[in-house]
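As structure tokens, the structure follows; a few thoughts come after it.
Nothing in this text is a laboratory measurement; each read-out follows from the coordinates by a stated rule. Since this is a predicted model, take the numbers as computed values, not measurements. Because the Cβ atoms are built from the backbone with ideal geometry, glycine has one as well, and the counts that use them run over all protein chains shown.
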Amino acid sequence: MSAEVVQSRRDWLLSERPASRMQARLGRAYVAWRRFSANRLAFVGLLIILALLVVAAFADLLAPYSPTIGDLKNSRLLAPSAAHWFGTDDLGRDIYSRIIYGSRWTLYVVTLVAIIAAPIGLLVGTVAGYAGGWTDAILMRITDIFLAFPKLILALAFVAALGPGIENAVLAIAITSWPPYARIARAETLTVRNSDYIKAVQLMGASPFRIVLRHIMPLCISSLIVRVTLDMAGIILTAAGLGFLGLGAQPPLPEWGTMIASGRRFVLDQWWVAGAPGFAILIVSLGFNLLGDGLRDALDPRSGDQ
């Protein structure tokens with residue numbers, strides 16, 4: 001592709017007067033990608049998350065051993081070696097294979113929590129910010145009640161009431177994760193509800209439901225995506241904490257927090273049993289944090305083009 005064609009396409013994407021909505025959307029996406037790709041640490045975070053997705057998708061091919069069946073007689077607590085890259089646990093199971101399969105449970109938790117918590121927070125925040133009055137007061141006081149408790153403590157209370165298990169842990173984490181999203185959505189709504197184009201939509205006869213759904217919620221999506229990405233590390237740590245306490249994923253599921261819990265008895269002599277899943281949590285959490293920082297810089301409409 002010639003330099004002239006590339007330049008013409010760039011000029012078309014960066015046009016200050018786009019001829020269509022598609023051109024405007026592609027232009028905004030291109031500007032956001034330029035900002036994101038200029039941040040090397042954010043790109044590293046993206047590569048970590050992509051690697052996590054690949055590992056989870058091809059776990060059956062990448063894992064050399066079963067994640068739940070081990071050789072208790074001959075392979076118990078073996079140190080890292082060529083046969084077992086991360087060693088084996090107290091039941092003779094290959095830790096490397098369990099970490100690979102555990103990536104699926106990590107994605108399962110963070111994806112379901114984001115799918116449940118983000119829409120709830122977005123709905124509560126936009127309705128409270130647009131309606132105002134007693135509706136805003138009631139919804140925000142409920143939000144304040146949830147924010148008053150530490151997330152892990154509140155999640156422990158819900159899991160204790162619902163019972164141990166990975167599904168109940170996901171539900172408990174989602175219930176405790178939506179209030180910050182509601183706060184962000186409300187703040188974004190308050191900045192735009194009195195703007196000229198919202199007034200124009202009201203004069204055209206649009207219902208409050210349509211205004212919130214079609215015109216206010218889309219404006220909150222970028223901020224919500226950034227916050228959800230930054231919260232992924234906290235969600236992983238909360239899920240690992242519940243698993244460590246025996247209230248999350250139950251054995252023999254290869255969930256990383258559960259693996260750390262089973263390896264804490266051997267942390268002084270066989271450090272790899274708890275150290276390997278702990279390092280996996282560290283790397284994935286770091287990847288989500290770096291990605292979230294990059295998305296915040298790329299999607300912030302108040303930052304200039306770089």
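As a rough footprinting exposure proxy, the listed residues Arg34, Arg40 were ranked by other beta carbons within 10 Å of their own, and the order from fewest upward is Arg40, Arg34. Answer rounded, prolate or oblate for the stretch 6-157, using the Cα gyration tensor with square roots of eigenvalues a ≥ b ≥ c: rounded when a/c is under 1.5, else prolate when a/b is larger than b/c, else oblate. The shape class here is oblate. Looking at the stretch 41-127, which trypsin sites (Lys or Arg not before Pro) are in a loop (DSSP not H, G, I, E or B) and have at most 16 other Cβ atoms within 10 Å? Sparse-neighbourhood loop trypsin sites (Lys or Arg not before Pro): Lys73, Arg76.
Could you run the Karplus curve 6.51 cos²θ - 1.76 cosθ + 1.60 with θ = phi - 60° over the stretch 143-149 and give me ³J(HN,Hα) per residue in whole Hz, x for Gly and Pro? My calculation for the stretch 143-149 gives 4, 4, 4, 5, 6, 6, 9 Hz in order.
Sort Thr191, Thr258 so the one with the fewest other Cβ atoms within 10 Å of its own Cβ comes first. It would help to have the intermediate numbers written out before the result.
Numbers: Thr191 11, Thr258 27.
Fewest-to-most ranking of Thr191, Thr258: Thr191, Thr258.
Placing a pseudo-label 7 Å from each Cα along the Cα-to-Cβ vector at Ala187 and Leu282 gives an inter-label distance of 3.1 nm. Placing a pseudo-label 7 Å from each Cα along the Cα-to-Cβ vector at Leu152 and Ser20 gives an inter-label distance of 5.2 nm. Between the helical axis of 217-244 and the dominant principal axis of the chain, each derived from Cα atoms, what acute angle in degrees is found, rounded to the nearest 10? The angle comes out near 20 degrees.
The slack in the chain from Phe58 to Arg265, taken as 0.36 nm per residue of separation less the alpha-carbon distance, amounts to 71.4 nm.
If you take the square roots of the eigenvalues of the alpha-carbon gyration tensor of the stretch 197-306 and sort them as a ≥ b ≥ c, do you get rounded (a/c under 1.5), prolate (a/b over b/c) or oblate? Write out the running numbers ahead of the final one.
Details: a/c = 6.80, a/b = 2.42, b/c = 2.81.
Oblate shape, in that a/c is at least 1.5 and b/c is the bigger or equal ratio.
Once the cut-off is 24 Å, how many percent of the Cα-Cα pairs in the chain end up in the long-distance tail? Here the long-distance tail beyond 24 Å is 62 percent of all Cα pairs in the chain. Between Gly234, Gly121, Gly132, the Gaussian network model of the chain with springs among Cα atoms under 10 angstrom shows the greatest mean-square fluctuation at Gly132. Note on Ser195 and Thr111: with the Förster distance fixed at 35 Å, the Cβ-Cβ geometry gives a FRET efficiency of about 0.55.
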